[in-house]
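Have a look at the structure below before the remarks.
The values are calculated or read from the model by the stated rules, or taken from the named source; none is laboratory data. Only a predicted model underlies this, so the values are computations on that prediction, with no experimental measurement involved. All Cβ positions, even for glycine, are placed from backbone atoms using ideal geometry, and neighbour counts span all protein chains on display. Each accessible area value is taken on the protein alone, full model and side chains, heavy atoms only, with ligands, DNA and RNA left out. Shrake-Rupley method; radii C 1.70, N 1.55, O 1.52, S 1.80 Å.
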Amino acid sequence: MDLFDFAGVAAGQSRERLAPENLAPEHMAPGAVLLRGRALASDRDLLAGIAAVAAAAPFRHMHTPGGFEMSVAMTSCGEAGWVTDRRGYRYERCDPASGAPWPPMPGAFVALARASAAEAGFPDFAPDACLINRYAPGARMSLHQDKDEQDFSRPIVSVSLGLPCMFQFGGANRSDPVKKYELRHGDVVVWGGPSRLYYHGVLRLKDGEHPLTGGLRYNLTFRGAL
Ligand code: SIN
Ligand code: FE2
C-alpha cells in the first residue's frame, strides 16, 4: 500500500485514479475483459454471502465423471447449481447432498454480477447460477470450457476473493496458446460473445495469508445456466 501511494504521489496523480477499481477494463480476448478491483467495495458482503450459502449448502469435493476427486471445494447458489459425479457434469435445481433447493443468490452477488457484465458490454445479465469455488494451497483447475449452460449468448462473470492465483486464458481449442493473468482479491473477469467458450484454468494455488480469507482463495462464477 505504501509503495502504491508513493507511486501515485510521485506521478502527481491522486490515489483515487490509481486505485485498481478505477482502472480501465483490460482487454484479454474478443469479448473478454479483466476488471481490476471491481469487487473491493463489496468484498465483506460477498464473503458474508459465501458464509451464508455454505451454512446451508456446505463446500464439498466432487468427483469428475472419470472418478477423480476435484482439488477445489465447491458449492452453489441460485436457481441451479453445477454438479459433477459419475453421471457427468450438469446443473441441478437441488443440492444432491441435501435434496433441498440451492440457497438463493445473495443480493451483493447479483448486484456485482450485473454491474460487471454491463461494464463488459453485456447489459441485462440475469445470472441464475453461481458456482462458488474454494481453493486451498495446492488446489488447481485444469484447462476447461464452461459449456454445460443452455445458451452461450450469456457471459460468464468470475470474481476473485482472498489469495491471488494465476489464471490461464486460452482460445477456442485446448491447444491454443494461453495467456496468464494474476487475479487478486477483488478482481473480476468477464468473458462472453466470441470468447464465451474459450479454455481457461487456474494454476496450483500458492501458500499465503490474506487478511480477510486467511489461507484460502474464493471464486464466484456467475452463469446463465437454465
Ligand atoms: C472456473 O473456471 O470455474 C474457476 C475460475 C477461477 O477459479 O478463477
Ligand atoms: Fe470455468
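Determine whether residue 170 is over 13 Å from the mean Cα position of the chain (by Cα), modelled with pLDDT of 95 or more and more than 14 Å from ligand 1 (Cβ to nearest atom).
The answer is no for residue 170.
Out of everything in the stretch 108-131 that is among the acidic types (Asp, Glu) and at pLDDT 95 or above, what residue ends up being nearest to ligand 1 (Cβ to nearest atom)?
Filtering the stretch 108-131 for residues that are among the acidic types (Asp, Glu) and at pLDDT 95 or above, the one nearest to ligand 1 (Cβ to nearest atom) comes out as 128.
Within the group 93, 134, which residue is basic (Lys, Arg) and away from ligand 1 (no atom under 15 Å from the Cβ)?
Going through 93, 134 in turn, the sole match is 93.
Provide a single number: the residues in the stretch 82-126 that are touching a helix residue (DSSP H, G or I) at 6+ places or on another chain (Cβ under 6 Å), closer than 21 Å to residue 154 by Cα and in a loop (DSSP other than H, G, I, E, B).
Going through the stretch 82-126 one residue at a time, the tally reaches 2.
Which of the residues belonging to the stretch 200-226 are assigned to a loop (DSSP other than H, G, I, E, B) and near ligand 1 (Cβ under 10 Å from one of its atoms)?
As a first pass, look at the stretch 200-226 and keep what is assigned to a loop (DSSP other than H, G, I, E, B): 203-209, 211-213, 215-216, 224-226.
Hit for the stretch 200-226 is 205, nothing else.
Can you tell me which residue in the stretch 96-107 is farthest from residue 74 (Cα to Cα), limited to those that are surrounded by 15 or more Cβ atoms within 10 Å (Cβ to Cβ) and touching a Lys or Arg at 6+ places or on another chain (Cβ under 9 Å)?
101
When the residues of the stretch 161-191 are filtered to those that are small (Gly, Ala, Ser) and surrounded by fewer than 23 Cβ atoms within 10 Å (Cβ to Cβ), which remaining residue is farthest from residue 108 (Cα to Cα)?
Ranking the qualifying residues of the stretch 161-191, first place goes to 175.
Counting only residues that are farther than 24 Å from residue 70 by Cα and among the aliphatic types (A, V, I, L, M), which one in the stretch 119-160 is most open to solvent (accessible area, probe 1.4 Å)?
Restricting to residues being farther than 24 Å from residue 70 by Cα and among the aliphatic types (A, V, I, L, M), the top hit is 126.
For the stretch 169-188, which positions are assigned to a strand (DSSP E or B) and more than 17 Å from residue 147 (Cα to Cα)? Write out each step before concluding.
Our first condition is that a residue be assigned to a strand (DSSP E or B); within the stretch 169-188, this holds for 169, 179-183, 188.
Hits for the stretch 169-188 are 179, 180, 181, 182, 183, 188.
Under 8 Å between Cβ atoms, which residue pairs at least 6 apart in sequence (or on different chains) link something in the stretch 96-122 that is among the aliphatic types (A, V, I, L, M) with a partner that is at pLDDT below 95?
Pairs that qualify, where the first residue is among the aliphatic types (A, V, I, L, M) and the partner is at pLDDT below 95, are 118/124.
Look at the stretch 38-77 and say how many of its residues are part of a helix (DSSP H, G or I) and of a type in the set (A, V, I, L, M, F, W, C).
Kept after step one, since they are part of a helix (DSSP H, G or I), are these residues of the stretch 38-77: 40-56.
After this cut, where a residue has to be of a type in the set (A, V, I, L, M, F, W, C) as well, the list is 40-41, 46-48, 50-56.
Number of matching residues: 12.
What are the pairs, 6+ residues apart or on separate chains, where a residue within the stretch 199-221 that is within 20 Å of residue 108 (Cα to Cα) has its Cβ under 9 Å from a residue that is within 9 Å of ligand 1 (Cβ to nearest atom) and charged (D, E, K, R)?
Pairs found: 221/146.
Collect the residues in the stretch 127-142 that are charged (D, E, K, R) and in a strand (DSSP E or B), keeping them in residue-number order.
Correct list: 134 only.
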